[in-house]
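Please treat every number below as a calculation from the coordinates, not as lab data. This one's a predicted model, so the numbers in the text were calculated from it and none came from an experiment. Glycine also receives a Cβ, built like all others from the backbone with ideal geometry; neighbour counts cover every protein chain displayed.
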Amino acid sequence: MRQKLESIRNDALKEISVASDLSQVNDIRVKFLGKKGELTNVLRGMGALSADERPVIGQLANEVRESIEREIEQKMSVLREAEKLAQLSRETIDVTLPGRPFQIGKRHPLTVVLDEIKEIFLGLGFEIAETPEVEVDYYNFEALNFPADHPARDMQDSFYISPGVLLRTHTSGTQPRVMEKRAPYIPLKVIGPGRVYRRDDDATHSPMFHQIEGFIIDKNISFSDLKGTLLVVVRQMFGEDRQIRLRPSFFPFTEPSAEVDVSCIMCNGAGCRVCSNTGWLEILGAGMIHPNVLKMSGYDPEEVTGFAFGLGVERVAMLKYGIDDLRLLFDNDKRFLAQF
Amino acid sequence: MRVSYKWLKEYVDIPVSPEELAEKMTMTGVAVENIEYPGRGLDKIVTGRIESISPHPDADKLVFCRINIGSEVLQVVTGAPNVREGQIILLALVGATLPGGKITKAKLRGVESFGMLCSAQEMGLDPKNFPPDQQEGILEFAADTPLGVDARELLGLDDVVLELELTPNRADCLSMVGVAREVSAVLGTKVKMPEIKVGETSEVIDGQVTVTINNPELCGRYVGRLIRNVKIEPSPVWMQHRLQAAGIRPISNIVDVTNYVLMELGQPLHAFDYDKLRDHAIIVRKAKPGEKIYSLDDVERELSTEMLVIADPARPVAIAGVMGGLDTEITGETTSVLIESAYFNPASIHRTSKTLALQSESSMRFAKGIDPNGCLLAANRACQLIQEMGAGENVKGAVDNFPVPRDNAVIRLRPERTALIIGIEVPASQIREIMIKLGFGVKEDGEGFLVEVPTRRGDISAEIDLIEEVARLFGYNNIPTTLPEGASSEGRKTIAQTVTDEVIDVMTRCGLTEIITLSFMNPRVLDILNLPADNPLREVVTVENPLSEEQRILRMTMLHGIFDIMSRNTARKNKDLAFFEVGRIFTPVEGEKLPKETLTLAAGVMGRTKSGWQTGAAEMDFYYLKGVLETLMDTLNITRYNIAPETANPTFHPGRTAGIELAGNVVGVIGEVHPNVTDNYRLSEKVLALQVNLEELISAVGGARKYSQLPKYPAIERDIAIVVSKDVLSADVNRIIRKNAGQLLESISLFDLYEGEQIKEGYKSMAFALKFQAPDRTLTDEEVNTIHEKIQKALQDSLGAELRA
């Protein structure tokens, strides 16, 4: 009997070791350990054994059963693992096929740039004001210290709607419009983005374009604050290693006034085609708000001072993205817009 | 303003190069836009005398000349028609590089040639800068011109021209002396004013000329000087060169002198033929109704009664400050000249020159404001030059009518105010020094400076103007960079701004791309959009002075922009378009100066969605765009809106269009665009579009969202399928279901819609999934069945619906 048990064990282990799939292993289990299996058959003959032998053989039979079961378990886990691997391997797909396309639209590059600039100023504590695009002469010129019949008005050839009503030629009207409402409140920090219109239409001018006006009114605001603020803004817009340069200029509504240049974003100041070899790019106009402008809109220029600046959005977008033709921005070609 | 560097150096010491000067001026406020080197490339061109001319043996049109250039005699073959023996010409020698190419030793039909005779054009010079008889053909010079002289020297081109880009306030720099003063302030060197001494005859002006100013508010000063025995000739070469450098064409001695003084001192002068002035009387007055004048450019101009004229007792003889009259022009026969040197009101000249569309060097200066205290000086300067060049003799004295004298301004300048504005304390001594460099008078008292500003600086009338002078000459780049101190402020967007940004965001997430179009439209668009004559959208805001008919009116709809951009993209073979724009539309308001500007959203789609290898493209139809609208409304948390059929919008398909309603008001439209309109835009596919008043949406935006508890008890789902008449609206079925389902109905969704086989003609089958749920218990089948039956009955009763199994 002992021999028989040993031979069952040997046979079972041998068969298990050569089994190649789970069903074979299952068959082996039935064959050796099932109700009609070989081990069961042998154990049925236990009754014929002596009382001394019975526990010994019983223990052996248990050992044989356990070792076969262990072996089966082990084999099955190996086979399951192999099966899983085979399964995974059968499931291989071509990962280089293109993904499912999602239809996502794009913001217009001018909106992208406007949003960026707005974020910078919101971070500096500015609020955003919106004022009419069709404007009365008073806010577009008079309240900005443009004398009537003065050549300074010719700098900005206007579209008229009716006498004294025109399409705003700049966003600077934001200054008197907001000041008038808020005076004598300080600190007033405002940007006014929007469409502006001038009678110009050629390769480098569009009759409609976008500006952002910005201004601060508070006690003790100085030209050096203007320089510092613009430096922060320019660096956020074009990178931390930008420099700025201010050149004296003239706007009726600011004094002292300046044209502000940024070190060329293409050549870093070395001189290239974009900056006409000067190393500098003219980027905005700025200055200290003229005392007359403060006075007309309800602030006392002896009590408060302020600075203002105006930025061309198209110019920034063109520099930022290397766009070489203004007209692309208003052509709205799908292939162009898809790039932003 | 073009400034000859050579000429400028007559009035001020310039110890730096032109390039360095340009940089310094630009950085202190007088921008040098361009530096021109007029003589560049004109080397190896010299004067020569044509000693002999012989016919070319083998060519009728060519001759060969022997030309003496002083050091040698060269043989040159030329085809120039106007060559003569003894002529002094310019010869480009072998090795010279002209705009047309390099001059080489050549053989022309067998005869050797060692150079080329030059015309102005061949040297790359503008013929308009030369006297009329020199504008064509080879240039010719006086017989006593030395031989072998360099062309640059001869033509005064050994110079550098600085082109100034002057801001409107710096009218004082519209003259050589003015620029010299600025240079002196920038470099700290001395100004050298020309010495003005007038040689006069014994004849006195008294009684020879009368000047009457009827409108002293428009003419603050009028100076006249009389010159006799005038001989009209070309002006001296040096004067011609200077005028040419300034961009002015030499004409004749008298005219050239007036232009020379204009450029030198900035005072416009006018020369009348004295003998043609009736009664030798000048009357400065406004034009009479219907009055006309032939101006110097031989154009008859109708004057308005607002315009100032210079007249004699019979007629106007000049449009004051703008242009002289043809009748009293200087001609070859002129023997007596009256020089006018006046001050006119800037605004009046600006208006007249704008109205007549006539701008001259003179009108431009008057409009910007000249120095009334410079009039006499300029008249004297002109007389001096005329006499010095032997062009005439000056009658003793001047007529000087100066009804509105102007004194120098005295302005207080406080150093502490200067420091506050600039942001750095500029030492008082430095402020004083800057004022002195500018030629201003400075006194100091306990409260700061009292600065006396000469009338030539009309731009300086207040303290802030002086502070600007300090700042620019101190140097903007010497001013430190600081950040504003003071109270902090809150930077945030308004609700409207936040919502607008969110709208743009949702639209892009829904697959539409933003466009930005001009606010202008052609009035024809009203027809293109199919608007009938009585449509209220035909009330538009019109531009008085558009650049073209394309930009005549302001948009009162945003749809044109969408269709137009679709059309342009289609023309470029771009397919499958999905665009939107956010912007303002303009509508006139009765009795208001300004139109109403309404922030508006428009969108349009055409073609199919993006497709891939797994998923086919879907047609972007009405329901696609409606889905976009629903997503937008959901994102904005607007729940109470209604989409109802709209059959009367002329731009849209009558059966495929809906109004977007908020609280009973129509705030927008969505639908398929009318085929006539798509045809007008040459769009060959269906276009779906929407437009909605964004301001209405903004005010309807739902408040902060509140969380509602997730259901604790299971839902029961039931489907309901009905057959109804084709014209029954989905919204009506929905409403009846909701009304009859009561509180327990959680959601309805349409999952199938079918027409065709097995459904009778004129009917459609609709299947809805209904979900019932109670917040506090598990529903029983019986409960739901009762509701379901009620719904079915209601649908049968009110819509004649037939139930399907």
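Per-structure values
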| item | result |
| --- | --- |
| Cα-based helix-to-principal-axis angle, B:375-388 vs chain B, degrees rounded to 10 | 50 degrees |
| For the stretch B:645-684 and the stretch A:33-98, distance of Cα centres in Å | 76 Å |
| Two-decimal Rg/Rh across chain A, once Rg and the Kirkwood Rh are taken from alpha-carbon atoms | 1.59 |
| Under 17 Å from the Cα of B:Lys493 - aspartates and glutamates, other chains or at least 8 residues apart | A:Asp115, A:Glu116, A:Glu119, A:Glu127, A:Glu130, A:Glu213, B:Asp501, B:Glu502, B:Asp505, B:Glu695 |
| Cα gyration tensor shape for the stretch A:2-90, rounded if a/c is under 1.5, else prolate or oblate | prolate |
| The stretch B:411-484: GluC sites (Glu not before Pro) in DSSP coil with no more than 11 other Cβ atoms inside 10 Å | B:Glu447 |
| Folded to 0 to 90 degrees: helix A:2-18 orientation relative to chain A principal axis, Cα | 30 degrees |
| Cα-centred dipole magnitude for the protein assembly as shown, charges only on beta-carbon of K, R (+1) and D, E (-1), debye, nearest 20 | 2780 debye |
| Lys, Arg +1 and Asp, Glu -1 on Cβ, resulting dipole of the stretch B:472-532 about Cα centre, debye, nearest 20 | 200 debye |
| Set of lysines with alpha-carbon distance to B:Lys286 below 18 Å, sequence-local pairs under 8 removed | B:Lys354 |
| Under 20 Å from the Cα of B:Lys443 - aspartates and glutamates, other chains or at least 8 residues apart | B:Asp407, B:Glu416, B:Glu425, B:Glu433, B:Glu452, B:Glu463, B:Asp465, B:Glu468, B:Glu469 |
| Coil-residue GluC sites (Glu not before Pro) of the stretch B:525-561, DSSP, other Cβ within 10 Å capped at 13 | B:Glu539, B:Glu544 |
| Charge dipole of the stretch B:671-805 about the Cα centre (unit charges at C-beta), most positive-ward option of B:Ile720, B:Ser708, B:Leu688 | B:Ser708 |
| Rounded D (µm²/s) - the stretch B:718-805, Kirkwood Rh over Cα pairs, Stokes-Einstein at 37 °C, 0.692 mPa s | 245 µm²/s |
| Prolate/oblate/rounded call for the stretch B:449-555, Cα gyration tensor, a/c under 1.5 rounded | oblate |
| Shape of the protein assembly as shown, Cα gyration tensor, a/c cut at 1.5 | prolate |
| Given 13 as the ceiling on other Cβ atoms within 10 Å, longest exposed-site-free region of chain A for GluC sites (Glu not before Pro) in DSSP loops | A:92-239 |
| Cα centre as origin, Lys/Arg/Asp/Glu Cβ charges: chain B dipole, Debye | 820 debye |
| Unmatched cysteines, the protein assembly as shown - criterion: no other Cβ of a Cys under 4.7 angstrom | B:Cys65, B:Cys118, B:Cys173, B:Cys219, B:Cys375, B:Cys383, B:Cys510 |
| Nearest-ten-degree value, helix B:253-265 long axis tilted from longest Cα axis of chain B | 60 degrees |
| Average Cα contact separation per residue, the stretch A:2-90, under 8 Å, 6 or more apart, as relative contact order % | 40 percent |
| The stretch A:109-337: relative contact order as a whole-number percent, Cα under 8 Å and 6+ apart | 21 percent |
| Cα-projected label distance for B:Thr355 with B:Ala769, points at 7 Å along beta-carbon direction, nm | 7.8 nm |
| Test item: B:364-373 mean partner chain Cβ contacts at 10 Å | 1 |
| Extension reserve of the B:Asp732-B:Thr780 stretch, reckoned as 0.36 nm per residue once the Cα distance is removed | 14.5 nm |
| Computed over chain B: relative contact order in percent, which uses C-alpha pairs under 8 Å that are six or more apart | 8 percent |
| Which listed pairs, of A:Lys189/A:Lys295; B:Lys771/B:Lys793; B:Lys9/B:Lys44; B:Lys626/B:Lys706, have C-alpha distances above 23 Å, in listed order | B:Lys9/B:Lys44; B:Lys626/B:Lys706 |
| Label-to-label distance, nm, for residues given as B:Thr201 and B:Val16 (7 Å Cα→Cβ offset) | 5.0 nm |
| Sparsely packed GluC sites (Glu not before Pro) within the stretch B:1-72, loop by DSSP, other Cβ within 10 Å at most 16 | B:Glu10, B:Glu72 |
| Simple label model, 7 Å out from Cα along Cβ direction - A:Arg70 to A:Asn26, nm | 2.6 nm |
